[in-house]
Amino acid sequence: MKASVKPKPAFQIATLLAGVVLLLIVFVSAGYFFTLGEIGATKPPIVAELERQEALWRASEPTYYGYTVDRECYCAADYREPYTVTIDGGLRSFGYSRGLQAANPGAPQTPPEPVTIDDLFQLLHNAATQADTLSVSYDSEFGYPETIRIDWQEALADEEQYFTIRDFRRLP
(Lines give C-alpha, C1' and ligand atoms only; values in the text may rest on other atoms or scores of the structure.)
Protein backbone atom coordinates (compact mmCIF):
# COMPACT_ATOMS: atom_id res chain seq x y z
CA MET A 1 0.00 0.00 0.00
CA LYS A 2 1.31 3.40 -0.94
CA ALA A 3 1.35 6.20 1.48
CA SER A 4 -0.19 9.47 0.32
CA VAL A 5 1.76 12.61 0.90
CA LYS A 6 -0.17 15.68 1.93
CA PRO A 7 1.03 18.96 0.45
CA LYS A 8 2.52 21.34 2.90
CA PRO A 9 0.39 24.37 3.91
CA ALA A 10 2.87 26.81 2.34
CA PHE A 11 2.47 25.06 -1.04
CA GLN A 12 -1.34 25.29 -0.80
CA ILE A 13 -1.21 29.01 -0.03
CA ALA A 14 1.21 29.69 -2.88
CA THR A 15 -1.00 27.74 -5.30
CA LEU A 16 -4.08 29.64 -4.13
CA LEU A 17 -2.31 33.00 -4.52
CA ALA A 18 -1.04 32.05 -7.98
CA GLY A 19 -4.59 31.12 -9.01
CA VAL A 20 -5.99 34.41 -7.69
CA VAL A 21 -3.29 36.41 -9.49
CA LEU A 22 -3.92 34.47 -12.71
CA LEU A 23 -7.69 35.15 -12.50
CA LEU A 24 -7.02 38.80 -11.79
CA ILE A 25 -4.79 39.05 -14.86
CA VAL A 26 -7.45 37.36 -17.01
CA PHE A 27 -10.22 39.72 -15.79
CA VAL A 28 -8.09 42.85 -16.21
CA SER A 29 -7.00 41.73 -19.68
CA ALA A 30 -10.59 40.98 -20.71
CA GLY A 31 -11.73 44.37 -19.39
CA TYR A 32 -8.97 46.12 -21.31
CA PHE A 33 -9.79 44.18 -24.47
CA PHE A 34 -13.50 45.01 -24.34
CA THR A 35 -12.95 48.71 -23.60
CA LEU A 36 -10.03 49.17 -25.96
CA GLY A 37 -12.34 50.57 -28.65
CA GLU A 38 -13.66 53.20 -26.25
CA ILE A 39 -10.32 54.12 -24.73
CA GLY A 40 -8.42 54.32 -28.00
CA ALA A 41 -11.25 55.84 -30.03
CA THR A 42 -11.06 59.42 -31.16
CA LYS A 43 -14.06 61.53 -31.95
CA PRO A 44 -14.77 62.41 -35.55
CA PRO A 45 -13.53 65.96 -36.25
CA ILE A 46 -17.07 67.30 -36.76
CA VAL A 47 -18.12 66.00 -33.30
CA ALA A 48 -15.01 67.37 -31.60
CA GLU A 49 -15.60 70.78 -33.21
CA LEU A 50 -19.30 70.68 -32.26
CA GLU A 51 -18.42 70.00 -28.62
CA ARG A 52 -15.78 72.75 -28.63
CA GLN A 53 -18.18 75.33 -30.10
CA GLU A 54 -21.02 74.30 -27.78
CA ALA A 55 -18.71 74.77 -24.78
CA LEU A 56 -17.82 78.24 -26.10
CA TRP A 57 -21.53 79.03 -26.45
CA ARG A 58 -22.29 77.85 -22.91
CA ALA A 59 -19.45 79.99 -21.54
CA SER A 60 -20.31 83.15 -23.50
CA GLU A 61 -24.11 83.02 -23.94
CA PRO A 62 -25.57 86.41 -23.06
CA THR A 63 -28.56 86.61 -20.73
CA TYR A 64 -30.51 88.83 -23.13
CA TYR A 65 -30.15 88.43 -26.89
CA GLY A 66 -32.00 88.07 -30.16
CA TYR A 67 -31.42 86.83 -33.69
CA THR A 68 -33.19 85.94 -36.92
CA VAL A 69 -33.62 82.40 -38.21
CA ASP A 70 -33.83 81.60 -41.91
CA ARG A 71 -34.94 78.04 -42.54
CA GLU A 72 -35.08 76.14 -45.82
CA CYS A 73 -36.63 72.75 -46.25
CA TYR A 74 -39.09 70.84 -48.41
CA CYS A 75 -41.96 72.03 -46.23
CA ALA A 76 -44.84 74.50 -45.99
CA ALA A 77 -44.19 78.22 -46.55
CA ASP A 78 -44.82 78.98 -42.85
CA TYR A 79 -41.67 77.00 -42.02
CA ARG A 80 -39.57 78.86 -44.57
CA GLU A 81 -40.58 82.37 -43.48
CA PRO A 82 -37.77 84.11 -41.52
CA TYR A 83 -38.55 84.69 -37.85
CA THR A 84 -36.94 86.34 -34.87
CA VAL A 85 -36.05 84.74 -31.58
CA THR A 86 -35.68 86.81 -28.42
CA ILE A 87 -34.22 85.39 -25.22
CA ASP A 88 -34.97 87.56 -22.20
CA GLY A 89 -33.34 85.80 -19.27
CA GLY A 90 -35.09 82.44 -19.33
CA LEU A 91 -38.08 83.64 -21.37
CA ARG A 92 -38.20 82.86 -25.09
CA SER A 93 -40.36 84.56 -27.69
CA PHE A 94 -40.72 83.99 -31.42
CA GLY A 95 -42.21 86.15 -34.16
CA TYR A 96 -42.10 86.54 -37.90
CA SER A 97 -39.53 89.03 -39.14
CA ARG A 98 -41.62 90.53 -41.88
CA GLY A 99 -45.24 91.55 -41.82
CA LEU A 100 -46.52 88.09 -42.73
CA GLN A 101 -49.85 88.98 -41.15
CA ALA A 102 -50.17 92.09 -43.31
CA ALA A 103 -49.45 90.13 -46.49
CA ASN A 104 -51.63 87.20 -45.48
CA PRO A 105 -54.23 87.92 -42.74
CA GLY A 106 -54.85 84.17 -42.25
CA ALA A 107 -51.20 83.42 -41.52
CA PRO A 108 -50.22 82.23 -38.04
CA GLN A 109 -48.83 84.73 -35.53
CA THR A 110 -45.82 82.60 -34.58
CA PRO A 111 -43.67 80.26 -36.64
CA PRO A 112 -44.37 76.52 -36.46
CA GLU A 113 -41.72 74.55 -34.58
CA PRO A 114 -39.37 77.48 -33.94
CA VAL A 115 -35.83 76.59 -32.92
CA THR A 116 -33.47 78.14 -30.43
CA ILE A 117 -29.70 77.89 -30.50
CA ASP A 118 -29.92 75.11 -27.89
CA ASP A 119 -32.34 73.25 -30.19
CA LEU A 120 -29.87 73.64 -33.06
CA PHE A 121 -27.04 72.19 -30.97
CA GLN A 122 -29.24 69.18 -30.17
CA LEU A 123 -30.07 68.82 -33.87
CA LEU A 124 -26.36 68.94 -34.69
CA HIS A 125 -25.58 66.19 -32.15
CA ASN A 126 -28.18 63.97 -33.82
CA ALA A 127 -27.04 64.86 -37.32
CA ALA A 128 -23.37 64.22 -36.50
CA THR A 129 -24.16 60.54 -36.00
CA GLN A 130 -27.22 59.99 -38.21
CA ALA A 131 -27.21 62.36 -41.20
CA ASP A 132 -25.64 61.50 -44.52
CA THR A 133 -24.21 64.97 -44.97
CA LEU A 134 -23.62 67.70 -42.42
CA SER A 135 -21.86 71.02 -42.78
CA VAL A 136 -21.88 73.76 -40.20
CA SER A 137 -20.12 77.05 -39.57
CA TYR A 138 -19.91 78.70 -36.17
CA ASP A 139 -19.73 82.28 -34.91
CA SER A 140 -16.14 82.98 -33.86
CA GLU A 141 -17.08 85.07 -30.80
CA PHE A 142 -19.97 83.14 -29.24
CA GLY A 143 -19.73 79.68 -30.83
CA TYR A 144 -23.38 79.40 -31.92
CA PRO A 145 -24.01 77.72 -35.31
CA GLU A 146 -24.35 80.38 -38.03
CA THR A 147 -25.16 78.10 -40.94
CA ILE A 148 -26.28 74.49 -40.93
CA ARG A 149 -26.81 72.19 -43.91
CA ILE A 150 -28.10 68.69 -43.21
CA ASP A 151 -29.04 65.97 -45.65
CA TRP A 152 -30.95 63.10 -44.09
CA GLN A 153 -31.36 59.99 -46.24
CA GLU A 154 -34.24 58.13 -44.72
CA ALA A 155 -35.82 54.89 -45.88
CA LEU A 156 -38.74 56.57 -47.65
CA ALA A 157 -37.70 60.20 -48.10
CA ASP A 158 -34.73 62.42 -48.80
CA GLU A 159 -34.95 65.37 -46.43
CA GLU A 160 -32.71 68.39 -46.39
CA GLN A 161 -32.64 71.13 -43.78
CA TYR A 162 -30.85 74.47 -43.90
CA PHE A 163 -30.69 77.00 -41.08
CA THR A 164 -29.03 80.38 -40.96
CA ILE A 165 -28.73 82.42 -37.78
CA ARG A 166 -28.24 86.09 -38.65
CA ASP A 167 -28.47 89.50 -37.02
CA PHE A 168 -27.38 88.13 -33.63
CA ARG A 169 -27.39 90.92 -31.08
CA ARG A 170 -27.10 91.44 -27.36
CA LEU A 171 -30.14 93.13 -25.88
CA PRO A 172 -29.97 95.76 -23.15
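The values are calculated or read from the model by the stated rules, or taken from the named source; none is laboratory data. As the structure is a computational prediction, the values presented were derived from the model and not from experiment. When we count neighbours, we look across all protein chains shown, and the Cβ atoms used for this are built from the backbone with ideal geometry, even at glycine. Accessible surface is based on the protein model in full, side chains and every heavy atom, while ligands, DNA and RNA are left aside. Shrake-Rupley method; radii C 1.70, N 1.55, O 1.52, S 1.80 Å.
Please go through region 157-172 and give me each residue that is of a type in the set (A, V, I, L, M) and in contact (Cβ under 8 Å) with a residue 40 or more places away in the chain, ordered by number. I'd like the intermediate steps shown before the answer.
Here is the first cut: in region 157-172, the residues of a type in the set (A, V, I, L, M) are 157, 165, 171.
The answer is I165, L171.
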Problem - Hits in region 75-101 (condition: at pLDDT 85 or above and among the basic types (K, R)) - result: R80, R92
Fill in the blank from the handout: Expected output for region 131-156 (first residue modelled with pLDDT under 90, partner open to solvent by 60 Å² or more (accessible area, probe 1.4 Å) and assigned to a loop (DSSP other than H, G, I, E, B), Cβ below 8 Å, 6+ apart or cross-chain) is W152/D132; Q153/D132
Exercise for the section: Inspect region 159-167 for any residue being open to solvent by less than 20 Å² (accessible area, probe 1.4 Å) and outside any loop (DSSP other than H, G, I, E, B) and give the result as yes or no. Expected result: yes
